């Protein structure tokens, strides 16, 4: 189902906030504290967040600020020289190399035993439904594979984009 059909069928108004989430995980060794690095290298969560952040679409962190502004406020994008490389790749590298400072991707690790586990990385952004309806095709492209959640009078609706 397309975003447009979903919004129409469920009477989603322009004022509703849509929360998009993308998550993946990897089997890891956590005893040596490399579990996050392993998950970063074996998933594409960082790349998907960088794609959304650089798309020009409204994409706010759950804390309210735009993803790019959050990265700029943390001084993680200062070294970028225009035209030197893809900005999207630069943003992905900045998030990956400064995972804890970037604060745009969450991680959780389930411990199977004293050595092994599973680390899940999740990216969450929000956007007003009104912005989405104005740029439906761009949002459907940028958020393909993400899960969307929106609250309305009929309850909380969750669907895959």
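The values are calculated or read from the model by the stated rules, or taken from the named source; none is laboratory data. Bear in mind the structure is a predicted one, so any value in this text is a computation, not a measurement. Quick reminder, even Gly has a Cβ in these numbers, built from the backbone with ideal geometry, and neighbours come from all protein chains shown.
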query = Out of curiosity, is residue 20 over 15 Å from the mean Cα position of the chain (by Cα) and either outside any loop (DSSP other than H, G, I, E, B) or modelled with pLDDT under 95 (or both)?
reply = no
request  = Would you mind stating whether residue 85 is over 15 Å from residue 53 (Cβ atoms), exposed (fewer than 13 other Cβ atoms within 10 Å of the Cβ) and out of contact with any strand residue (DSSP E or B) (no Cβ under 9 Å at 6 or more places or on another chain)?
outcome  = yes
ask   = Can you tell me which residues in region 131-143 are closer than 15 Å to residue 49 by Cβ and loosely packed, with under 13 Cβ neighbours inside 10 Å?
value = none
message = Being over 17 Å from residue 161 (Cβ atoms) and in contact with a helix residue (DSSP H, G or I) (Cβ under 9 Å, 6 or more places away or on another chain) is the requirement here; does residue 59 meet it?
response = no
inquiry  = Let me spell it out: the conditions are (1) within 20 Å of residue 124 (Cβ to Cβ); (2) at pLDDT below 90, and residue 70 meets all of them except one. Which number is the exception?
reply    = (2)
inquiry  = Here's a check for you: in region 105-129, which residue that is in contact with a helix residue (DSSP H, G or I) (Cβ under 7 Å, 6 or more places away or on another chain) and more than 24 Å from residue 152 (Cβ to Cβ) is surrounded by the fewest Cβ atoms within 10 Å (Cβ to Cβ)?
reply    = 109
query = Can you find a residue in region 36-46 that is in contact with a helix residue (DSSP H, G or I) (Cβ under 6 Å, 6 or more places away or on another chain) and assigned to a loop (DSSP other than H, G, I, E, B)?
reply = no
remark   = Selection over region 11-37 where residues are touching a residue at least 12 places away in the same chain (Cβ under 8 Å) and either within 15 Å of residue 102 (Cβ to Cβ) or buried (at least 16 other Cβ atoms within 10 Å of the Cβ) (or both) yields a count of 15
request  = Kindly check whether there is at least one residue in region 144-157 that is crowded, with 17+ Cβ neighbours inside 10 Å and at pLDDT 95 or above.
outcome  = yes
